[in-house]
Each structure stands twice: as C-alpha cells, then as structure tokens.
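Peer 1: Got a structure here, written out as structure tokens. Questions coming.
The values are calculated or read from the model by the stated rules, or taken from the named source; none is laboratory data. The structure presented is a predicted model; accordingly, all values stated were derived computationally and were not measured. Every residue, glycine as well, gets a Cβ built from its backbone with ideal geometry; the counts of neighbours run over all protein chains shown.
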Amino acid sequence: MRHLHWFRTDLRLNDNPAIASHAAADSLLCLFLMPKPKPWCNLTGVGKQRDRFLRESLIELKKDLQALGQDLLVLEGSPELVIPHIVKRYGITEVSVSDHPGWEEKQSVTYLAEKLDIPVQIHRGNSLFTETDLPMALEDLPQVFSPFRRKVEKLNVRGPKAAPEQLPSAPSAQFDAIPPSIHKPHPGLPLPGGRRAGLRRVKQFIWDDESIKQYKLTRNCLDGFDGSSTFSPWLANGNLSVREVAHTIFDFEKNKVANESTYWLFFELLWREFFYWRAEVDGRALFLLSGLTGKPRRSTFEPRNFARWCAGDTNYPIVNALMRQLVATGWMSNRGRQIAASCLINELQGDWRFGAAFFEKHLIDYDVGSNYGNWQYIAGIGSDPRGGRHFNLAKQAADHDPKGIFIAKWGGVRPLQPDYITDAADWPIDSEKV
C-alpha cells in the first residue's frame, strides 16, 4: 500500500486525522504544491510576507517529517496536472487530503477523484466541529452568525490528537530542499511561520502574559501585539489546530479564571467556524458581486481610486496607515480590515471583490471563508442582518488612534489628491474648428 498525503492548509502533524490515517501503509509520500492563484480582480501572485510565512512553515514541517523518517516533496503546478503524474510515477494506491471549504479547492479534489482510479480520502479540515457534529444540516445553516452561535457554542469540542510517534517510510527518492524566502518578517510585526512559533504565541498570550483576561477590551487595537491574539496566521496555514487553541482556552478558564474576555476569544473562534461552514454552503456564490442575495450592487472600478487604496495613498490617513501596515507585515487587525473595507466599498464606491482579492494576496492569515465572508458582511450581501456597514472614518480614527500614533507609525498622512483628474484627452473637440 503506497499512500500519498497532499498537504494544503494543514501544515502540522498534531491533530491531523489525514496523517494519522496512513499508519498501515507500506510507504507514504507527503506532497505540498505551492499556491499560484489564478489572475483575479487585476491581481496575480502572492505577497512577499504571505510567501515568506508559508515557506518558513514548510521548512519546519519538512524537518518534523524527517525526524520521523519521512520527507516533504514541494512542487509547483496545478494539482490536476501534478498529482496524477506523481501517482503514476510512484505507484500510489491511495490519496488523502484534508477538507477545505473553498470552492476552487473542492473542485480540484472532485476532479482528482474522478480522474484517478484509486481512492481519494477526504478528512476533517481545521474546524472545531465536523459536519455530523453540527445540530443542523448544512442546507439549513443559518445565514447570520448569532443563530449559528446559539446552536453550537454549547457543543462539545473534541480534544486534539497527538502527533503520530512514527510514520510509514518515504519513497526512496531525493527531495530537494525548500528555498527560503528572501524576505524577512517586518520589525513592526515579526510573526515567523511554523508550528513552534504558533505554540510560543499561544503560551505567551494565554499563560505567560494572561492577556486573554483583558482580550475583549483590547481586541480592537490596531497594532498586532497591543491586544490581538494574532493566532490567525498559524490557524490559517494549519500550523495550529483550532481545537488545540480552543482547549487551551478551556484549560485556562478551568485553572485560572473564566470571564467575559476569555469567552470572547472562543467567541472569535466561533466566528471563524461560522465562515468555514458558510463557505462550504455558499460555494461559488462567495465570489459573486451580489453573493447569495441576488441583489444588484452599485459599484465601479475606477483604477486610480483602487490603486490609491492599495498603496495607502487615499485622503483618509487611518486607511492609508492600515494598508501600508498590511503590505509591509502581511497582517491587519480585524477592526482595521473593517475600516479599510468600508472605505473601498462606501467612500470609493469600489467593487468589494477587488479589495478581497488584494487581502487574499497579502494576508499571512488568508482564509477563504473568513476573508470573503467578512468582505460580503461589510458590503451588505453576506451574513450581516443590517445589510452592510458604513464606518465613519474620522470617528474610527478618534476611537482607535486618538493620539495619531498608529497613523504616524505607518505614514498615513499623505498629500491630498483630487478625486478625479481631467487631462487634454478628456476635453470635447470643437468640430467647427477641426
């Protein structure tokens, strides 16, 4: 029995049911395919910090696999072309993959299952619950968060499983080293990739500093280490299991203190869970201008406005600072993402999908359900019962950066520019003088 596991957003050995399923195999080939997003909303490629975080995670995973007599084969190319070739070359008899809620990711697995004449086993993704755990069928999943939360927050979150003590041997082949990124973590938010860094951050935030006890009061801080847990990059890449984080919260509440703030960190995990399952249900509609609503949306694509928003060069200093932080570090606070999204959608009258695609390119914690679900929320065609959010940017700056420290740190004050530029080519021609 020669098995293959295709890693995607499950870059860990702990609490990874797909890895644990290969105990009886004679050999196991572990594969990762570098992401190469299709051109989408005038954007291509992956941002430098997202690429850096991913490469650091893969290098550490490769070392962990090698300690168990395994290895990690990292290639470039589409799974539809690469995996059938690998299956044939190594005589693979079974393929495993962890579930992913993204529509394109599901299409890839469906295509492989139809093309290959061997079993393709799909295992639990990085979610708190399985589909069978949920107290409703997926087609009955609530459209908004609060009813979902009330139905699932009392459910038992199963404990995470330990990493296997041994794995089947790797095929007798030489796997190349993973080229490290040429980029370094930004000193403004130095978040390294890999499981060990994620575990350190969880320990620091919850146990060492006990920052969890004030989380509800500090979670809207715009700088990463000032109040946010910043667990999301390691969760999005699968360095950490969401069940591990949940049970760390439960252990702290049991052994230290349980208050509104400790609950609120779990509350944020439930938001993540909600968007995970909404992405499963919404499928392709997650990327449509009107979402599932079918409501026509008034939006434009004015290239100059979009370019200014991306570059952090608008007439809104708080938005500029946030966008410059994103490109430099690969991260932005949840409050910051709401502010930046509201600006593009409401002040600049832009197509929300272009903003979501820009976030997809740069975020080190890019998660398809949370990213596109939150953008739909602000645009009013997703899970917001109010029909969208329009943030007062001056009030947001006053509330969350009253002394202008964040704006100054990230160079948010830019020269004011006119909304539109008219040059000679735009002037009407006087036909009588031609």
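Peer 1: What number of residues in the stretch 361-410 are surrounded by fewer than 15 Cβ atoms within 10 Å (Cβ to Cβ) and basic (K, R)?
Peer 2: 3
Peer 1: For the stretch 366-386, does any single residue satisfy the condition of being closer than 22 Å to H186 by Cα, in contact with a helix residue (DSSP H, G or I) (Cβ under 6 Å, 6 or more places away or on another chain), part of a loop (DSSP other than H, G, I, E, B) and not assigned by TED's automatic domain parsing to the domain that holds V281?
Peer 2: Yes: one or more hits.
Peer 1: Still on this structure, please answer the following. Can you confirm whether G330 is buried (at least 21 other Cβ atoms within 10 Å of the Cβ) and at positive phi?
Peer 2: Against the criterion (buried (at least 21 other Cβ atoms within 10 Å of the Cβ) and at positive phi), G330 qualifies.
Peer 1: I'd like the full set of residues that are of a type in the set (F, W, Y) and either over 19 Å from C221 (Cα atoms) or touching a Ser or Thr at 6+ places or on another chain (Cβ under 6 Å) (or both), limited to the stretch 360-409.
Peer 2: Y366, Y372, W375, Y377, F391
Peer 1: If I filter the stretch 91-107 down to residues being surrounded by 19 or more Cβ atoms within 10 Å (Cβ to Cβ) and more than 19 Å from the chain's Cα centre (by Cα), which single residue comes out as nearest to H247 (Cα to Cα)?
Peer 2: Filtering the stretch 91-107 for residues that are surrounded by 19 or more Cβ atoms within 10 Å (Cβ to Cβ) and more than 19 Å from the chain's Cα centre (by Cα), the one nearest to H247 (Cα to Cα) comes out as S96.
Peer 1: P168 is checked against (1) buried (at least 16 other Cβ atoms within 10 Å of the Cβ); (2) touching a helix residue (DSSP H, G or I) at 6+ places or on another chain (Cβ under 9 Å) and fails just one. What number does that condition carry?
Peer 2: Answer for P168: the failing condition is (2).
Peer 1: Among the listed residues G77, G69, identify the single one that is out of contact with any Phe, Trp or Tyr (no Cβ under 6 Å at 6 or more places or on another chain), modelled with pLDDT under 95 and either within 20 Å of R195 (Cβ to Cβ) or β-branched (V, I, T) (or both).
Peer 2: Matching residue, one of G77, G69: G69.
Peer 1: Another question, if that's okay. Taking the condition surrounded by fewer than 20 Cβ atoms within 10 Å (Cβ to Cβ) and not in a loop (DSSP other than H, G, I, E, B), does K203 pass?
Peer 2: When the stated conditions are applied, K203 passes them.
Peer 1: Conditions first: (1) out of contact with any Pro (no Cβ under 6 Å at 6 or more places or on another chain); (2) at pLDDT 95 or above. R124 passes all but one, so which condition is the exception?
Peer 2: Unmet condition: (1).
Peer 1: Right, S108: among the hydroxyl-bearing types (S, T, Y) and touching a strand residue (DSSP E or B) at 6+ places or on another chain (Cβ under 6 Å) or not?
Peer 2: No: the conditions fail for S108.
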